[in-house]
Amino acid sequence: YLSIKEMINKIENSFSSNVVLKTLYLCELILNVIDFTDSIVKNHPRSEQMLQLIDNVNIILDKSGYIAKYNEKENRIMIVCKNADTFETINSTSDKDIQYLLLQYVDLRTTNDVITKKDILTNFGQYLEPKRDDLSELNKDLADTIFFGLNNFHLRHNNKEGKDKKEYIINMEKEDLINRLYSLILIAIRLLEMKNKLSEFDVLKKQSKSN
């Protein structure tokens, strides 16, 4: 994860434009320093002051609409937006890679980062592509809209110039388009997971009848 120096630079750079963002980055820094200290000083109980500091940080995060989550892939504590649809989707799937992408999308560091969000949606597209027929069976309009977005919102193809150029993309707010597409992808993932779970019950039903 980011070094202390890099995190301090992020905090300082965010100060002039957003005091809340600065505070959230500071909370992330505090939690990661505590986590790093725990990994070095093992089997040593946290002091009352340390526990109080953690409680205060979590209160700040909660009131700001964020929550701390441990990122196993990057071995760090990340601050993520408490997006109900995102967490419902995370809980619906056991796919660790998809869970990671979902958390990454609502990560504090991804806020207003269109490039990173674009990369995440491209990865979602790779995940959904082989499942497109299944998704179309469940909801054809949803599948068509998602893949329209993936192919025409300057994500998987260059839609600002050349043969795939789309005039409306140049004049539209790209992050708004990306966030709306993300919301549809959340629905798609949950629908596909629901189909998988129903299929598991179909197997049990057949086994029950055979007995």
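No lab work stands behind these numbers, since they all come straight from the coordinates. Just so it is clear, the model here is predicted, and its values are computed rather than measured. Note: ideal-geometry Cβ built from the backbone for every residue, glycine included; neighbour counts use all protein chains shown.
Charge dipole of segment 19-105 (Cα centre as origin; +1 on each Lys and Arg Cβ, -1 on each Asp and Glu Cβ, all else neutral): 200 debye, rounded to the nearest 20.
For a protection proxy built on the mean count of beta-carbon atoms within 10 angstrom, sort 27-34, 145-152 highest first, please.
The most tightly packed comes first, giving 27-34, 145-152.
For the cross-link pairs K22/K131; K82/K131; K118/K140, the ones whose C-alpha atoms lie over 31 Å apart are K22/K131.
Under the simplified labelling scheme, the N18-E137 pair shows an inter-label distance of 4.2 nm, with each label point 7 Å from Cα along Cα→Cβ. Only one residue of A68, A84, Q99 has its Cα farthest out toward the positive end of the dipole of segment 54-103, where Lys and Arg carry +1 and Asp and Glu -1 on Cβ, and that residue is A68. Spin-label model, N56 to V41: label points 7 Å out along the Cα-to-beta-carbon direction sit 1.8 nm apart. When +1 charges are put on Lys and Arg Cβ atoms and -1 charges on Asp and Glu Cβ atoms, the dipole computed for segment 77-146 relative to its Cα centre reaches about 300 debye.
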